[in-house]
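The values are calculated or read from the model by the stated rules, or taken from the named source; none is laboratory data. Remember, predicted model here, so these are calculated numbers, not experimental data. Neighbour counts are summed over all protein chains in view; Cβ atoms, including those assigned to glycine, are modelled from backbone coordinates with ideal geometry.
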Amino acid sequence: MSVLSSEFDATFTTLSRDFGDRVERAAALSQFTTYRLGGPAEILVRVRNVGELGLLAAALEANPSVPILVIGRGSNLVVADAGVSAVVVILEGDFEKVEIVGESVTAGAGVPLPVLARRCAAAGLSGLEFYVGIPGSIGGAVRMNAGGHGRSTSEVLRSAVVADISNSGAVSERSVESLGLEYRGSALGGMEIVCSASFDLARDEPVACEERLSEIVRWRRENQPGGANAGSVFRNPEGDSAGRLIESCGLKGLRIGGVHVSEKHANFIQADTEATASDLAELVSEIQRRVFEETGVRLETELHWVGFSKIADEGDSSEAMQ
Ligand SMILES: Cc1cc2nc3c(=O)[nH]c(=O)nc-3n(C[C@H](O)[C@H](O)[C@H](O)COP(=O)(O)OP(=O)(O)OC[C@H]3O[C@@H](n4cnc5c(N)ncnc54)[C@H](O)[C@@H]3O)c2cc1C
């Protein structure tokens, strides 16, 4: 649905009254994503607490066709070159707090996963070591059911506090079962914002937890590329690995414009400084085409594409579409 610029003007006026200089027009989003590419957001607002999410919801009630897009660490996002027709929400302040009580840990949605992994290890709490290698936020990890090294968020998460922006920002505590977490996804809707998440962990020696962190960091350095990327581009098809399929088709190093398939891990695409989101979309389509031709497998992307009118697989990436 296209949104009239007058609706953005009205939303911006209301948000400016409540958020002052924490609301911006035409804010560059490349700085908020790990690919470091893409165009601007119509409006960007930095929200510091749950009460302010209520103010955001009130501003949108008068302009209900204006969509929102929450960005955590932008480590799973591709923003279109033309930008995003949405109010982009960045969570800071209270959303960056961590509370540890006994073996229960509650972390704000804006907390970076590696930070939480290290805080828990230092406190002698085991279960979130796998987060040390995933450069996302708690909110993004719940939304995506982030996982690795044999663990996934759904196994350690007890509940999450979620604000529904389409319902006046009403906040509810949702059990892990009610969030519909599945392989790299959840049932959370585009107007639902994860505010915090609570995890049940197990006691262990801090030294043992920290050894596991070091092992994961070492493994990541050896097996995954650095530079600008967003981790795995494609979901692993049932019983196989997307990286193996791409490599078997001889696509390592394949380049379009400023992006190329990593030589180190075929399911990673790396972006140079001059890369565009269209280069990335083209390379993704080309990989899908060639893998399908040679193996008969249709690869689906794991990335969230925002601001694109159409992408190759039309997976679960439809938020803030233009
Ligand atoms: C080098 C590298 C390695 C990676 N390795 C892994 C891995 O091993 N396993 C893995 O699962 N992923 C991995 N990823 C991908 C990524 O880190 C995860 O998907 C992560 O969970 C995304 O979190 P984020 O905060 O960056 O989310 P974003 O990229 O900012 O957003 C992703 C989606 O989550 C939504 N979202 C973000 N915050 C919230 C919120 N508070 N409430 C509701 N929705 C929200 C966004 O709107 C968007 O739809 C890797 C990425 C990189 C760059």
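Could you list, in sequence order, the residues of the stretch 171-211 that are free of Cβ contacts under 8 Å to residues at least 40 places away in the same chain and among the aliphatic types (A, V, I, L, M)? Explain how you work it out, then say what you get.
Quick first cut of the stretch 171-211, residues free of Cβ contacts under 8 Å to residues at least 40 places away in the same chain only: 172-182, 187, 189, 192, 207, 211.
Matches in the stretch 171-211: 176, 179, 181, 187, 207.
When residue 143 is tested against (1) surrounded by fewer than 17 Cβ atoms within 10 Å (Cβ to Cβ); (2) basic (Lys, Arg); (3) under 22 Å from residue 168 (Cβ atoms), just one condition goes unmet, and that condition is (1).
Within the option set 190, 136, being crowded, with 20+ Cβ neighbours inside 10 Å, within 9 Å of the ligand (Cβ to nearest atom) and either more than 30 Å from residue 226 (Cβ to Cβ) or at pLDDT 95 or above (or both) holds for one residue only, 136. So which residues in the stretch 52-71 are out of contact with any Phe, Trp or Tyr (no Cβ under 9 Å at 6 or more places or on another chain), of a type outside the set (A, V, I, L, M, F, W, C) and within 16 Å of the ligand (Cβ to nearest atom)? Matches in the stretch 52-71: 54, 67. Scan the stretch 140-159 for residues that are over 25 Å from residue 69 (Cβ atoms) and among the hydrophobic types (A, V, I, L, M, F, W, C) and report the count. Selection size over the stretch 140-159: 1. Take the residues in the stretch 218-254 that are closer than 30 Å to residue 106 by Cβ and within 12 Å of the ligand (Cβ to nearest atom), then tell me which one is surrounded by the most Cβ atoms within 10 Å (Cβ to Cβ). Looking at residues that are closer than 30 Å to residue 106 by Cβ and within 12 Å of the ligand (Cβ to nearest atom), I get 230.
Looking at the stretch 1-107, none of the strands (runs of 3 or more DSSP E) lying wholly inside it contains 2 or more residues that are buried (at least 22 other Cβ atoms within 10 Å of the Cβ) and in contact with a Cys (Cβ under 7 Å, 6 or more places away or on another chain).
Six or more apart or on different chains, Cβ atoms under 8 Å: show the pairs whose first residue is in the stretch 129-144 and under 17 Å from residue 208 (Cα atoms) and whose second is near the ligand (Cβ under 6 Å from one of its atoms) and in a helix (DSSP H, G or I). Correct list of pairs: 131/141.
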